[in-house]
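The values are calculated or read from the model by the stated rules, or taken from the named source; none is laboratory data. Only a predicted model underlies this, so the values are computations on that prediction, with no experimental measurement involved. For neighbour counting, all protein chains shown are included, and Cβ atoms are generated from backbone atoms with ideal geometry for every residue, glycine included. Only protein heavy atoms, including side chains, enter the accessible area calculation; ligands, DNA and RNA are left aside. Shrake-Rupley method; radii C 1.70, N 1.55, O 1.52, S 1.80 Å.
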Number of protein chains: 2
Amino acid sequence: MLAAALRDGTAHRRTTFEVFARRLPEGRRYGVVAGTARFVEALAQFTFDESALTAISDFCDRETLAFLAGYRFRGDIDGYCEGELYFPGSPVLSVHGTFGECVVLETLALSILNHDTAIASAAARMVSAADGRTMIEMGSRRTHELAAVAAARAAYIAGFTGTSNLEAQRTYGVPALGTSAHAFTLLHTDRDGPDERAAFKAQVEALGVGTTLLVDTYDITQGVANAVEVAGQDLGAVRIDSGDLGVLARQVRAQLDGLGARNTRIVVSGDLDEYAIAALRVEPVDTYGVGTSVVTGSGAPTAGMVYKLVEVDGLPVEKRSSHKESHGGRKQAMRTCKDTGTILEEVVYPYGRRPQGESGRDLTVDIMRNGEPTAEFDLAAARERVKEGLLSLPWTGLKLSRGEPAIPTRIISPPSHQE
Amino acid sequence: MLAAALRDGTAHRRTTFEVFARRLPEGRRYGVVAGTARFVEALAQFTFDESALTAISDFCDRETLAFLAGYRFRGDIDGYCEGELYFPGSPVLSVHGTFGECVVLETLALSILNHDTAIASAAARMVSAADGRTMIEMGSRRTHELAAVAAARAAYIAGFTGTSNLEAQRTYGVPALGTSAHAFTLLHTDRDGPDERAAFKAQVEALGVGTTLLVDTYDITQGVANAVEVAGQDLGAVRIDSGDLGVLARQVRAQLDGLGARNTRIVVSGDLDEYAIAALRVEPVDTYGVGTSVVTGSGAPTAGMVYKLVEVDGLPVEKRSSHKESHGGRKQAMRTCKDTGTILEEVVYPYGRRPQGESGRDLTVDIMRNGEPTAEFDLAAARERVKEGLLSLPWTGLKLSRGEPAIPTRIISPPSHQE
């Protein structure tokens, strides 16, 4: 595409590409934008070195190779902040520049936004279901080794308390949290058999009584007894990773209380998703450890966003063969709400033509101008945005069951060419 | 865990950790191992530099930091080759060394194997459904930006023809294939309206008549007419990306034949998965472009493998609180088959104790000895293994519908300690 557009001169036309989702994942009522900051960061490094140019020299002509050798994005970007809710048709990101400089960004923009948004959107449902309890993201081992780092970040944006992924702490400052594995208990086995107490003793000596002991390697009741015997009544927490977690949490709570370990918390883990988390809400659970379901988007591993050319030299363009697929023209968006703060409608309008007399919060912000970032990215602010976003939803929007988007999207068409 | 094990001396015990799947993703009949070579490659770089050590110095004691500063895996690894089929309980990878050197590899091993295996397993079903037709992996934009590269590699192992991901070509030599996007056609729009012919002309001039023209931006029948008019009867291919692909493929085939473009191929794309691919088998489709479903594992984005301590100082260990979860002891595996080559059973036995008098193909090979790779990794060989593996399945194993694993796994327990 780039080669052909350079050849016929169209590569230099001014274009706008828009990132949006035609629909939310099936049955979802809202999505949470994440990845924008990672995209801006990646964009700064999106250049073509000798090795890259050599790799494509077989099928790229000289003009294309020369274009890529000098490539650096110098256009403008605007869109939604990280942590903002989005709905079908929300113009999550708009990229402005020449066709040549914008078209090569499709995969970078979509990979990052589709992945991070999928995780944040699933994570927000879990956070909402957990109703204020501590949430540890521990799914690194169930997704690609670097996707894991981005997933920890996205889950944190959505409201998770921390992650077991140390690289996410180093790279993004996501708080590192963790427990121990069955392997550590099993390690304390010799010819006389297993010795759970020795494992607990070693852990407490290394990490103090505030640590979390995993009590379900052999017999849970014995495990809890061993844990309190070794660590005392000030033991930080016990973790249960198997069995009927609700029943076990109640039993373990009673046992801990009976042993005087009233402040020892209960951590549960083991194939938890938003539904299992919600079902455990009535149980004496203090912390959820969530793995597979959060890093795989709990049934929706991609946000399904697309990157579509919507404007060429000021003219709106759109695919015609299936009419509802895209809406031409550069856009902005705002969200209307009731006096109570409950949101009513996503209003998407042609750039610079904010509907007169309608009040609403502006959603589109400047992200980049002339290739330089203009927005500040702050995980704490993104977390705050998710929190406010969830509070702003109509009550049906928080339901975990399958349904329609929580609010409708109204897309205002650009003025016709005659205007 | 590492800190506590270093403190009480158990970190130096000789251990075996095993990577296996307790079950296949729901309804799947087989899985395809992928990622082993990437894991071995990553392992060579798995060390802790100053920056990494500083990042964890808050909560790691001096002995732990010193251990990590000098860390390099020096143990042994054996397991299944890439491209090998696997079933529940197959010992896909066994890692041998001290507890300290093995326990820190859990996330690295599982991330890579769970991701790549999930993709290869889904991709193999698609390849099988496509029955020999060309398959292009084009899902990069629907998964994390680096997971995309690994996904292209895994899909290629499973039998895909190539990928639209250029980085996968550069890094792994996966053939790069691709078409153009609607954006390119839409770009050719001016005040007089869209000009599809101009777009096709530019593409043919840059890439020759062997290129693939995307014909469904406006009206497909007109698009096909324009394509043949511009490129002539030797046009390489047309792509259809929307609508009822079966019906459209037939119409377009008839139109192309009528225009004398009898050798022009038809490429279809647009939310294809193994079921859609199978449904199009009777249609005149030459090439499938597959995106979202392959890079997200078509409903099973992770293989769900675990990394479990199974042996300590020669003693088998296993979690007891839920009996079926793991089987202690270091293992090897073989696969029995009928004279026709159809496979019968996965036999998993204690290391070095191959069942007497049973014939079968050995599945466990040396991968690393004393921290040095001993296996050669070759994508062509892995592709061949998948091909042979699919041929070896009993016919029910190739069914796309939900079912049981194609063959049972027999796990032979280690001899008791008294022996």
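Listing for the model above:
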item	result
Built amide H within the under 5 Å cut-off of A:R265, gap 5+	A:A237, A:V238
Within segment A:136-295, percent of DSSP bridges classed antiparallel, to nearest 5	10 percent
From phi via Karplus (6.51, -1.76, 1.60), per-residue ³J(HN,Hα) for segment A:233-239 in Hz, x at Gly/Pro	5, 8, 3, x, 7, 10, 10
Accessible surface ranking that places the most exposed of A:T296, B:T409 first, with a 1.4 angstrom probe	B:T409, A:T296
Highest-fluctuation residue, B:A123, B:A406, B:A380 considered, GNM on chain B with Cα pairs under 10 Å	B:A380
Dipole of chain A, positive end: most advanced residue of A:Q203, A:M126, A:I240 [Cβ charges, Cα centre]	A:M126
Under 5 Å, built H, 5+ apart or other chain: amide partners of A:E82	none
Distances in nm from B:T396 to the matching label points in the other copies, shortest first (labels 7 Å along Cα to Cβ)	4.5
The protein assembly as shown: antiparallel DSSP beta bridges as a percent of all, rounded to 5	65 percent
Heavy atoms of B:M1 accessible to a 1.4 Å probe, total area in Å² rounded to 10	70 Å²
Other protein chain Cβ atoms within 10 Å, averaged over every residue that makes up B:191-203	3
Folded to 0 to 90 degrees: helix A:220-231 orientation relative to chain A principal axis, Cα	80 degrees
Rounded to whole Å, sorted largest first: equivalent-ellipsoid semi-axes of segment A:11-123, Cα gyration tensor	30, 14, 12
Accessible-area order (highest first, 1.4 angstrom probe) of the listed residues B:D234, A:D195, A:D244	B:D234, A:D244, A:D195
Chain A - accessible surface per residue (Å², probe 1.4 Å)	40 Å²
Fluctuation leader among A:F17, A:F48, A:F39 - chain A, Gaussian network, Cα springs under 10 angstrom	A:F48
Karplus-derived HN-Hα couplings along segment A:82-87 (A = 6.51, B = -1.76, C = 1.60, θ = phi - 60°), whole Hz, x at Gly and Pro	4, x, 6, 5, 9, 9
Förster-model FRET efficiency, 41 Å R0, B:R262 and B:E345, C-beta, rounded to 0.05	0.25
Where labels lie 7 Å past Cα in the beta-carbon direction, separation of A:S359 and A:L391 in nm	1.9 nm
Across the identical copies, how the A:G193 labels are spaced - nm, sorted shortest first, 7 Å along Cα→Cβ	8.6
Dipole magnitude of segment B:179-285 about its Cα centre (Cβ charges: Lys, Arg +1; Asp, Glu -1), debye to nearest 20	320 debye
Per-residue average of Cβ from other chains inside 10 Å of B:297-306	4
Gyration tensor (alpha-carbon) shape descriptor, segment B:85-159, a/c threshold 1.5	oblate
Residue with peak Gaussian network fluctuation, chain A [Cα springs, cutoff 10 Å], from A:T336, A:T161, A:T15	A:T336
Candidates per GluC sites (Glu not before Pro) in segment A:292-358, loop by DSSP, up to 13 other Cβ within 10 Å	A:E358
Where labels lie 7 Å past Cα in the beta-carbon direction, separation of A:I412 and A:R14 in nm	2.2 nm
Chain A - share of DSSP beta bridges that are antiparallel (%, nearest 5)	65 percent
Vicinal HN-Hα couplings computed from phi for segment B:116-132 (Karplus, 6.51 cos²θ - 1.76 cosθ + 1.60; Hz; Gly/Pro x)	5, 5, 4, 5, 4, 5, 5, 5, 5, 5, 5, 4, 4, 5, 7, 6, x
Within-12-Å neighbourhood charge of B:A42 [Cβ basis; K, R +1; D, E -1]	-2
Carbon and sulfur %, accessible surface of chain B computed with the full protein complex present, 1.4 Å	48 percent
Computed magnitude of the charge dipole of the protein assembly as shown (debye, nearest 20; Cβ of K, R +1, Cβ of D, E -1)	1340 debye
Gained length - A:D192 relative to A:A66, 0.36 nm times residue gap less alpha-carbon distance	38.3 nm
7 Å along Cα→Cβ, label-point gaps from B:Y71 to other copies, nm, shortest first	3.5
Cleavage-rule hits, trypsin sites (Lys or Arg not before Pro), segment B:71-149, DSSP coil, Cβ neighbours within 10 Å at most 14	B:R72, B:R74
Point-charge dipole on Cβ atoms (K/R +1, D/E -1) for chain B, about Cα centre, debye to 20	1040 debye
Probe 1.4 Å - accessible area at B:T64, Å² to nearest ten	0 Å²
Zero-based 5 Å bins, Cα pair distances in segment A:136-295, whole percents	2, 9, 18, 19, 19, 16, 11, 4, 1, 0
Calculated FRET efficiency for the pair B:E384/A:E384, C-beta based, R₀ 45 Å, to 0.05	0.25
List A:S416, B:S128, B:S359, ordered by accessible area with a 1.4 Å probe, largest first	B:S359, A:S416, B:S128
Neighbourhood charge, 15 Å Cβ-Cβ cut-off, centred on A:R125 and excluding it, Lys, Arg +1 and Asp, Glu -1	+2
Inter-label distance, nm, simple model (7 Å from Cα along the C-beta direction), A:E404/A:E41	3.9 nm
Radius of gyration and maximum dimension Dmax of segment A:232-344, Cα, Å	24.5, 74
Chain lengthening between B:A254 and B:E283 when straightened (0.36 nm per residue, less Cα-Cα)	9.3 nm
Heavy-atom accessible surface that B and A bury in contact, both chains counted, 1.4 Å, Å² to 100	6300 Å²
Chain B - percent relative contact order, Cα under 8 Å, separation 6 or more	24 percent
